[in-house]
1. Taking Rh as the Kirkwood radius, which is the inverse of the mean 1/r over Cα pairs, what is the Rg/Rh value for segment B:1-94?
2. Only Cα pairs under 8 Å and at least 6 apart count here; give the relative contact order of chain A as a rounded whole percent.
3. How big is the Cα convex hull of segment A:171-319 in projection, averaged over all directions, in nm²?
4. Counting other beta carbons within 10 Å of each residue's own, what order do A:THR299, B:THR286, A:THR15, A:THR217 fall into, fewest first?
5. For helix A:2-27, report the angle its Cα long axis makes with the longest principal axis of the Cα atoms of chain A; keep it between 0 and 90° and round to the nearest 10°.
6. Taking 1 over the mean of 1/r across every pair of different Cα atoms in chain A, what Kirkwood radius in Å do you get?
7. What do you get for Rg/Rh of segment B:268-328 when both radii come from the Cα atoms and Rh is the Kirkwood radius?
8. Label point 7 Å out from A:HIS57 along Cα-to-Cβ: which residues of segment A:284-327 have amide N under 18 Å?
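Values quoted throughout were computed directly from the atomic coordinates according to the rules given, and no laboratory measurement underlies them. All values reported here derive from a predicted model rather than from experimental measurement. Here the Cβ positions follow ideal geometry from the backbone for every residue, glycine too, while neighbour counts run over all protein chains shown.
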Amino acid sequence: MLSFILRRLGTMALTMLCLTLVVFFLINLDPNLKKLAISQTEMHTSAEQLENWLVNHGYRQNFFSRYGQWLGIVPKQPVTDPATGKPTRRFSFCNDPVEPTFSGVLQGDFGCSTKFKTTVASKLFPALGATGILMFWVLVVMVPISLLIGILAGMREGSRTDRTLSVASIASTATPEYVSGVIFTVIFASWLGLLNGSAASASRGITFYNFTLPVMTLAIYGIGYIARMTRASMVEVMTQQYIRTARLKGLSFGSVVVKHALRNALIAPFTVIMLQFPWLLTGVVIVEVMFRYQGFGYTLVEAAGNNDIDLLLGCSLVSVFIVLITQLISDVGYAFLNPRIRVQ
Amino acid sequence: MQLEYIGAFDVVLGVLARFWPVWISLVLVMGASFAYKKRLGLYGQLFDSSVGIVGVGICLFWLFTAIFASTVSPFNPLVQIPIMKDALPGAVEPQSGLVYLFGGDKLARDVFSRMVYGSQIVLIIAPAATGFALMVGITLGLPAGYYGGRIDTLLSFLANLVLAFPVILLFYLLVTPGIMETPIPYAMAGLFFLFPIIFFSVLFWTRYKKRPDRLYILMGLTLIVGGWVYAGLVFDADPFRIIHIDPNQLNIFVAVVFASSPGVFRIVRGLVMDIKTRDYVAAAQTRGESPWYIMLWEILPNARGPLIVDACLRIGYTTILLGTLGYFGLGLAPESPDWGTAIKDASRLLRSFIHPALPPTIALMSFVLGLNLLADSLREQSMKD
């Protein structure tokens, strides 16, 4: 087991290395750098001045040496101030080193956000915290509801409850966040006026009034999918021999479901729930933009829209890490939950 | 000047009446399918369940809407008639006397016409992109599952690499105006659009290599048609000027194919690994058939059930992806009538007007729902045998 986890962690590190290299390459394409230079300098600067800005801030160094600096395996060089000729910080608002030092992601320095004029760490981690709160509430809502729907539907395959709940879950998987978000806002904020259509105030304090719509919107897309997986798993379990045995020895239907079927039927949905995280990540971006909630997704969109290189790299590192770690947890957890599976 | 309005009942009637070519075609096709369902194989079996009928009905509805868009929609989706700005549903346009059935948006365009024309964009890009993703996924998934070993390790690593990217980040990196100045989208298009040509060439070659009369015709057709489409799509150099794609649409297309082919790859690989242990594959191996013949003519036809179901779901998912692109204003032109862009524009003004937001959301939802219902009943029917 330990060697399996170690090997997976190795693959994970390799994947992250490749992906960050790809992201680094794509963000540093020439048109993107030009866009950054234009947004960072005053209006109507000449092409020469833009080029100067890029050189002065170290964007014109060798690609691989810059990637190495970001990673922390090549010492980060300070830039020379053209006026004084002395080494100086790249951005005055960050604590960039004045002497060549190893200061990259491996040392815990995520770099400098050009959009928010601060370090990436001080912007990214509070945002992650805010998204964490959102995710927590989404899971609290989503998991019990979807498991309940799935179990009720799969308990008696082909019954009317099953049909109704199955169609309802299909409908929910056909409703992406930007559709359900609009519909819920129209119903609950515009018509009924019960809830707030914006979650901007939620960063100061979460209330039922401002936080229900984002949570609902985000949960609805996942509910259908998890419910369908739970149903499939439950249907399979209900046809097993031990369920028939339990029924034949005279146990009531309810107690068969709760005591014998449930535990075995919940193994498969566990994997599905863990693998929902990558999907939730895209949903988080849509929902946070739609309801103006200052979290990870909002930061990602701001970073991408303004070509904020270090911040976007930080965001991609975090999201790729989340995807890969949830895959690992789901594999390991599955092996623990299902004794019939042994990993080699 | 005061606008005149028609009542809610007249709006409903008007909408139903505008769709008249769609209703006629729907009745014809559904009626014919229902009458001959015994002879139509898997498609005919769909008409045995109500879920299947509803699914087919919704999909066909949007298909015919896309085909007859110019007849169904009363106005041009891009033309702005200033007096109709933010008009409520049922407002009568004074000059032509035609009705803005679902009202006007903030740029005074007809919401109903935009919704109808939006279906065209979705129904062209989503199935085509899914088709290419299927080709790429199948062509790479077959050898990965069949041979295993190093080629499998490499391809699976690459597929997992793409799958580990959150879709939205991928789009923000791949669908930008900046990237269209670089050769990257064209290089990717050049790579992806090669796969159908390779697929069909190998398909015909393995089957007919002993029968030159058939082989030459089929290979010639594949190369001519494939080369023609390839030249039109990648280099925009179609000699007959029929096949043409805008650079930004090509960019979207490539990004969507790129995002969804690893998923197809994983499914095909899993199916192949399962099917290659069957007796008929062993029999073909004993006969001395070539590996690619076995993959394409023994394994692939037996994997078609799950692949068809996946293709249906994937078209729906691609529709959602296109909507996401529109919602973030990536790739598509800002005045494009596609549903995602319409939802983005309308959702910013929800506080004041809700009517421009509802038609595109309901359209998108119903189309994806139709595809999902179709996939569900296809799965159920194929499980029966």
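1. 1.15
2. Details: 441 pairs, mean separation 68.1, N = 344.
Once divided by the residue count of chain A, the mean separation gives 20 percent.
3. 11.9 nm²
4. The most exposed by this proxy come first: B:THR286, A:THR15, A:THR217, A:THR299.
5. Tilt of helix A:2-27: around 50 degrees.
6. By the Kirkwood definition, the hydrodynamic radius is 23.3 Å.
7. Here Rg/Rh amounts to 1.24.
8. From segment A:284-327, the list is A:300-315.
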